[in-house]
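Undergrad: Below: one structure in structure tokens.
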Amino acid sequence: MTNIEFSKMTGRLKRTEIREILKLTRKPGTISFGGGLPDPAIFPYEAVEAASRRAIREKGRLALQYSPTEGEGFLKEQISLYLAKNGETVAPDQTLVVASSQQALDLLGKVFIDPGSPIIIERPSYAGAIQAFTAFGADFHGVDMDDEGVIPELLERKVTDLIGQRRKPRFVYLIPDFQNPSGINLTLERRKKILGIASKYNLVIVEDSPYRELRYRGDLIPSLWSLDTEGRVIQLKTLSKIFCPGFRIGWIAAPPEILDKLVMAKQGTDLCTSAYVSIVTAFLFEDGHIERQAKLSRDLYVRKAGAMLKALEKNFEGIEGVSWSHPEGGMFLWLRLPGGIDTVDLIPDAVDAGVAYVVGSCFYTDGSGRNEMRLNYSYPTEEQIERGVRLLAGLCRKRISEGVVCR
């Protein structure tokens, strides 16, 4: 067919580089630091099989039927109980069950973003959020981070600049716990300052929280949701990182007036999340498997993160201009290379060498980050981590010796 007319939105759609990189994980011999994949070696196969049988045996008539848009009541009750154990108070009627937090981002775009609407994000920020909000025509305004997270003074300056232009931000999007892509954790002091800024200027904060339960060093910091006393925080949660991504189960916690709009947006998207998967998940919560899986992940990822940090110290020693984050949880580490190395141009050589990563530029909206990359340590083995980092360091040294300049 020719002369097909598509919507204006399709002109804003782009393939995410992360999903393209994920294809390389299927290529034999490739060491992938690319996607945010949990280690399949620890997936709870037997627990899922048992919960699936139980779902059909005990609640089959519900499991194979449509469910309410808001989500299966049994699951929402179990979510509430689970969160309470982690210091979160979320009533079942405050949640909307979604197909993981990526659907939540899409629903937020439908509810809050018109073409040209300003929103504030971290620099760098999650590429999936950038992709979702770009589809609705968001006008992104980034705020820089340091080792303690997004900088409140810069955030307030950005807010006042936009309000001065009569362009109040629709929301501020943050990943406070072990941020994707940087691995940085937002400090308690800064969480409180940011909530103060939100209160001062009457802002909505979106707290994306997929990694909170994956802290393997230090104490758990209260979430923005739990610190909020004014009902201005929307929290997004998912089981993709702490359990397994194949379930595609997550939820949104939000104030009633916002949740109502999100429910209507979801009705037009998929009517409801799978009742079958929801009930299986609820049994897994009830039997304690979600908590056990999160602990198993923490115990494994702390070793893998240590292996990557050790490999970076060993293999990048003596290369000037290299730095990396030191995560205390989560699944990612952020690597900055000397300004003369373009991680976009480096990809073909890296793939040929047998190692994959995600380029830094896809986590920015202004073309920045070409000498940066995100490395995932949860998926590869410790042996692969050491070898993959060694390969990256070798490519880096080769580019430096060639005098390649970053465009």
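The values are calculated or read from the model by the stated rules, or taken from the named source; none is laboratory data. What you are looking at is a predicted structure, and each value in this text was computed from that prediction instead of being measured. Don't worry about glycine lacking a Cβ; one is built from the backbone with ideal geometry, like all the others, and counts go over all protein chains shown.
Undergrad: Please list, ordered by residue number, the helices (runs of 4 or more DSSP H) wholly in segment 230-331 having 1 or more residues that are under 22 Å from G149 (Cβ atoms) and without any contact (Cβ under 8 Å) to a residue 60 or more places away in the chain.
TA: Numbers: elements: 256-267, 275-286, 289-315.
Fully inside segment 230-331 and qualifying: 289-315.
Undergrad: When you check G403 against the structure, is it out of contact with any helix residue (DSSP H, G or I) (no Cβ under 8 Å at 6 or more places or on another chain), more than 19 Å from G183 (Cβ to Cβ) and surrounded by fewer than 20 Cβ atoms within 10 Å (Cβ to Cβ), yes or no?
TA: yes
Undergrad: Is it the case, given these coordinates, that I194 is part of a loop (DSSP other than H, G, I, E, B) and either within 19 Å of the chain's Cα centre (by Cα) or assigned by TED's automatic domain parsing to the domain that holds L174 (or both)? Talk me through it step by step, then tell me what you get.
TA: Working: part of a loop (DSSP other than H, G, I, E, B): no; either within 19 Å of the chain's Cα centre (by Cα) or assigned by TED's automatic domain parsing to the domain that holds L174 (or both): yes.
No, not satisfied.
Residues are listed down the side, and each one gets a yes or a no for (1) touching a strand residue (DSSP E or B) at 6+ places or on another chain (Cβ under 6 Å); (2) crowded, with 22+ Cβ neighbours inside 10 Å; (3) over 25 Å from K14 (Cβ atoms):
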{"residue": "P124", "(1), (2), (3)": "no, yes, no"}
{"residue": "G128", "(1), (2), (3)": "no, no, no"}
{"residue": "P181", "(1), (2), (3)": "yes, yes, no"}
{"residue": "E189", "(1), (2), (3)": "no, no, yes"}
{"residue": "N202", "(1), (2), (3)": "no, no, yes"}
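Undergrad: In segment 346-368, what residues are among the acidic types (D, E) and either buried (at least 23 other Cβ atoms within 10 Å of the Cβ) or free of Cβ contacts under 8 Å to residues at least 24 places away in the same chain (or both)? Even if it seems obvious, please write down each step before you answer.
TA: Narrowing segment 346-368 to residues among the acidic types (D, E): 349, 352, 366.
Matches in segment 346-368: D352 only.
Undergrad: Would a scan of segment 15-32 turn up a residue that is modelled with pLDDT of 80 or more and touching a Pro at 6+ places or on another chain (Cβ under 8 Å)?
TA: Within segment 15-32 (the criterion being modelled with pLDDT of 80 or more and touching a Pro at 6+ places or on another chain (Cβ under 8 Å)), the answer is yes, since at least one residue qualifies.
Undergrad: Additional query: Pick out the one residue from G36, G71, G60 that is among the small types (G, A, S), in contact with a strand residue (DSSP E or B) (Cβ under 9 Å, 6 or more places away or on another chain) and at pLDDT 95 or above. Working first, answer last.
TA: On the way: G36 fails: at pLDDT 95 or above; G60 fails: in contact with a strand residue (DSSP E or B) (Cβ under 9 Å, 6 or more places away or on another chain).
Result of the check over G36, G71, G60: G71.
Undergrad: Additional query: Name, by its number, the condition in (1) modelled with pLDDT of 95 or more; (2) in contact with a strand residue (DSSP E or B) (Cβ under 6 Å, 6 or more places away or on another chain); (3) hydroxyl-bearing (S, T, Y) that does not hold for Y364.
TA: If we test Y364 against (1) modelled with pLDDT of 95 or more; (2) in contact with a strand residue (DSSP E or B) (Cβ under 6 Å, 6 or more places away or on another chain); (3) hydroxyl-bearing (S, T, Y), just (2) comes out false.
Undergrad: Going by the conditions given, is A265 under 30 Å from L64 (Cβ atoms) and within 24 Å of the chain's Cα centre (by Cα)? Steps first, please.
TA: Details: under 30 Å from L64 (Cβ atoms): yes; within 24 Å of the chain's Cα centre (by Cα): yes.
When the stated conditions are applied, A265 passes them.
Undergrad: Residues G116, G73: which one is under 16 Å from I249 (Cβ atoms) and out of contact with any Leu (no Cβ under 6 Å at 6 or more places or on another chain)? Steps first, answer last, please.
TA: Values: G116 fails: under 16 Å from I249 (Cβ atoms).
Criteria check complete, one pass: G73.
Undergrad: Kindly provide the set of residues from segment 381-400 that are more than 14 Å from L337 (Cα to Cα) and either among the polar types (S, T, N, Q) or modelled with pLDDT under 95 (or both), ordered by number.
TA: Hits for segment 381-400 are T381, Q384.
Undergrad: Moving on. What number goes with the only condition from (1) among the hydroxyl-bearing types (S, T, Y); (2) assigned to a strand (DSSP E or B); (3) more than 20 Å from the chain's Cα centre (by Cα) that Y173 does not pass?
TA: Only one criterion in (1) among the hydroxyl-bearing types (S, T, Y); (2) assigned to a strand (DSSP E or B); (3) more than 20 Å from the chain's Cα centre (by Cα) is unmet by Y173, namely (3).
Undergrad: Let me ask another. Go over the candidates E207, E148 one by one and state the one that is in contact with a Ser or Thr (Cβ under 7 Å, 6 or more places away or on another chain), under 21 Å from K85 (Cβ atoms) and not basic (K, R). Can you show your working first?
TA: Details: E148 fails: under 21 Å from K85 (Cβ atoms).
Sole residue among the options that is in contact with a Ser or Thr (Cβ under 7 Å, 6 or more places away or on another chain), under 21 Å from K85 (Cβ atoms) and not basic (K, R): E207.
Undergrad: A further question follows. I'd like the full set of residues that are in contact (Cβ under 8 Å) with a residue 40 or more places away in the chain and surrounded by fewer than 16 Cβ atoms within 10 Å (Cβ to Cβ), limited to segment 78-92.
TA: Of everything in segment 78-92, those that are in contact (Cβ under 8 Å) with a residue 40 or more places away in the chain and surrounded by fewer than 16 Cβ atoms within 10 Å (Cβ to Cβ) turn out to be L81, K85, N86, G87, T89.
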